[in-house]
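The next block holds one structure in the form of structure tokens; read it before the comments.
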Amino acid sequence: MKENSLLQAYQEQPNVWDEMFHQNQIRPEYRNFVSAIEDLPAAELTRKDELAKKLFMSQGITFTVYSSGEGIEKIFPFDVIPRIIQHQEWLHIEAGIKQRLRALNIFLKDIYHQQFIIKDGLIPARLIYSCPQFLREMMNVDVPYDIYTHIAGVDLIRDADGQFYVLEDNLRTPSGVSYMLENRSITSRIFPDLLPKNNVLPVKDYPDLLFRNLQALGNRHVSDPTVVLLSPGMYNSAYFEHTTLARLMGIELVEGRDLIVHNHYVFMKTTRGLKQVDVIYRRVDDEFLDPLVFRPDSALGVPGIYAAYRKGNVAIINAMGNGVADDKAVYSYVPDMIRYYLGEEPILNSVPTYQMSDPDLRKMVFEKMDQMVIKRTNESGGYGMLIGSSATDEQMADFRTAITDDPRSFIAQPIISLSSTPCYLNGVLQPRRVDLRPYALYGPGGIDIVPGGLTRVALQEGSLVVNSSQGGGSKDTWVLGPESGAASG
């Protein structure tokens with residue numbers, strides 16, 4: 001029972017799955033953690049909360065918000081209470097993500113080559129060809145080891161029934177993994193003894209796994225292929241992450257102006273002259289990568305890099321053109337892809353998704369708009385979205401007009417309640433909604449997923465929007481090891 005004053009004030013929300021509590025009882029995976037903090041004076045937990053903020057500040061753990069029209073660098077909000085996942089539950093998540101990525105990867109190869117899935121009538125050709133992220137330049141381009149989705153961030157939510165649902169797949173340049181690593185680092189500082197006592201599985205192997213996968217993609221017969229991380233530069237919202245990952249992998253962080261293409265090979269400018277580059281982990285979007293092929297006004301890319309890639313002289317991670325697989329309108333076909341390509345039933349649920357290009361579905365959604373989340377198919381970061389339950393009549397009318405004008409660019413989904421976890425805010429525990437983004441690495445040796453991921457929190461009371469750009473924060477994600485014991489870190 002909730003006997004401690006810290007816990008007594010906590011109110012579970014009706015019809016919402018609470019990650020820590022069930023009918024005023026502490027869930028088994030949280031019991032060790034709660035027993036460790038329940039005797040802490042409120043002043044001590046507040047001190048730990050303040051220490052976490054100072055550590056984030058001193059280490060420059062930031063992101064940039066552009067929604068106001070000017071870049072504002074902010075400290076990434078962090079909650080000290082971890083989100084804890086049982087081992088068996090994690091095994092289910094892990095198996096489901098691996099299955100999903102295998103199918104999506106085959107889909108990308110198929111859609112850019114034979115297009116059997118279109119010929120067999122499972123996906124309409126018009127849906128693919130109308131996708132802004134479908135790159136005709138990638139047709140019949142062979143990619144190393146047939147891997148397109150080297151790095152993926154799959155967003156999961158838990159509904160009121162306790163089941164996990166895939167909300168969306170991020171297969172282009174998924175961000176946030178540096179915050180997963182920093183959250184664990186901060187937690188180990190403020191709760192140094194709790195990670196081993198709780199048998200928490202480590203996430204610190206992510207940079208090493210990523211680096212090994214990147215090196216394995218180099219096609220020159222050299223023992224130490226040159227790997228670089230290509231960043232748009234310091235004004236990008238995820239620049240902290242770019243610098244962190246380059247440092248942890250021990251590779252050069254470069255911008256487009258640091259690279260040059262000569263005879264269809266990519267070289268990095270160094271103080272000792274030009275050095276050939278074998279693998280590029282790019283955080284620059286497709287359209288800005290090569291001004292000779294895509295946007296001619298791009299100053300972020302490298303002229304000629306597409307031709308070097310097409311000839312197989314450099315590996316680019318993730319592959320170009322992946323956006324066709326994480327288009328929100330294509331999302332509803334992923335369960336069919338799993339059955340079609342793998343001959344398996346989906347392990348993870350998908351959220352019911354309605355294509356606004358279908359007149360009957362559009363009519364149904366317009367009638368039930370207050371029960372729907374409506375999203376633009378190619379927006380991210382929580383932008384271009386309407387949550388019907390909290391929208392005004394004027395906002396709904398604007399969306400109806402926009403959907404009627406361009407139905408292909410919108411999908412609708414029933415509002416999923418999103419599970420909540422206790423957060424330590426203003427000296428008390430308060431429920432806030434969360435999602436989970438595990439990070440999967442697909443290399444020549446298979447798929448690796450570090451146990452955990454980024455738990456994002458909607459810090460505004462009652463909000464369902466967890467994106468940092470919309471006022472969200474994050475917390476450490478603990479995946480418990482099997483009963484036999486495991487290391488933490």
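Inter-part distance, segment 410-429 to segment 102-124, computed on C-alpha centroids, equals 35 Å.
Mean residue ellipticity at 222 nm, helices only, the chain: -8000 deg cm²/dmol; runs of at least 4 DSSP H residues each add -39,500 (n - 2.57), and the sum is divided by the number of residues. Taken one residue at a time, the phi angles of segment 478-483 give Karplus couplings (6.51, -1.76, 1.60, θ = phi - 60°) of 9, 9, 6, x, x, 4 Hz. Gly and Pro are set to x. Largest accessible area first, the residues 398, 18, 336 order themselves as 398, 336, 18 under a 1.4 Å probe with ligands, DNA and RNA left out. The alpha-carbon atoms of segment 93-143 define a convex hull whose volume equals 96 cubic angstrom per residue.
In this view, the solvent-accessible surface of residue 341, computed with a 1.4 Å probe and all protein chains in place, comes to about 50 Å².
Annotation: amide H of residue 290 within the under-5 Å range of 295, 302, sequence separation 5 or more or interchain, hydrogens built in the peptide plane. Ligands, DNA and RNA left out, the 1.4 Å accessible surface of the chain is 49% carbon and sulfur atoms. Rounded to two decimals, the Cα radius of gyration of the chain over 2.2 N^0.38 Å is 0.99. Relative contact order for the chain: 24 percent, from Cα pairs under 8 Å spaced at least 6 residues apart, divided by residue count. Accessible area ranking (1.4 Å probe, heavy atoms, ligands and nucleic acids excluded), largest first, for 173, 455: 173, 455. Once all protein chains are placed together, residue 178 keeps about 0 Å² accessible to a 1.4 angstrom probe. Share of pairwise Cα-Cα distances greater than 19 Å in segment 352-415 is 16 percent (whole percent).
Within straight-line reach of residue 98, meaning a Cα separation under 28 Å, sit the following lysines at least 8 residues removed in sequence or on another chain: 109, 119, 204, 328, 375, 475.
For the set 262, 242, 92, solvent exposure ranked by accessible area (probe 1.4 Å, protein chains only) runs largest to smallest as 262, 92, 242. Entry comment: accessible area of the chain is 42 Å² per residue, from protein heavy atoms only and a probe of 1.4 Å.
Once all protein chains are placed together, residue 275 keeps about 100 Å² accessible to a 1.4 angstrom probe.
Size descriptors for segment 206-245: radius of gyration and Dmax over Cα atoms are 12.3, 36 Å. For segment 142-212, the Cα gyration tensor yields ellipsoid semi-axes of 27, 20, 11 Å (square root of five times each eigenvalue, largest first, whole Å). Applying both filters, DSSP loop and at most 14 other Cβ atoms within 10 Å, to the GluC sites (Glu not before Pro) of segment 335-425 gives 344, 379. Of all complete DSSP H helices in the chain, those with a Cα span along the helix axis of 27 Å or greater and a mean Kyte-Doolittle hydropathy of -1.0 or more are 87-111.
The values are calculated or read from the model by the stated rules, or taken from the named source; none is laboratory data. Everything quoted here is computed from the prediction, not taken from an experiment. Positions of Cβ are generated from backbone atoms using ideal geometry, with glycine treated the same way; all protein chains shown enter the neighbour counts. Calculation scope for accessible area: heavy atoms of the full protein, side chains included, ligands and nucleic acids excluded. Shrake-Rupley method; radii C 1.70, N 1.55, O 1.52, S 1.80 Å.
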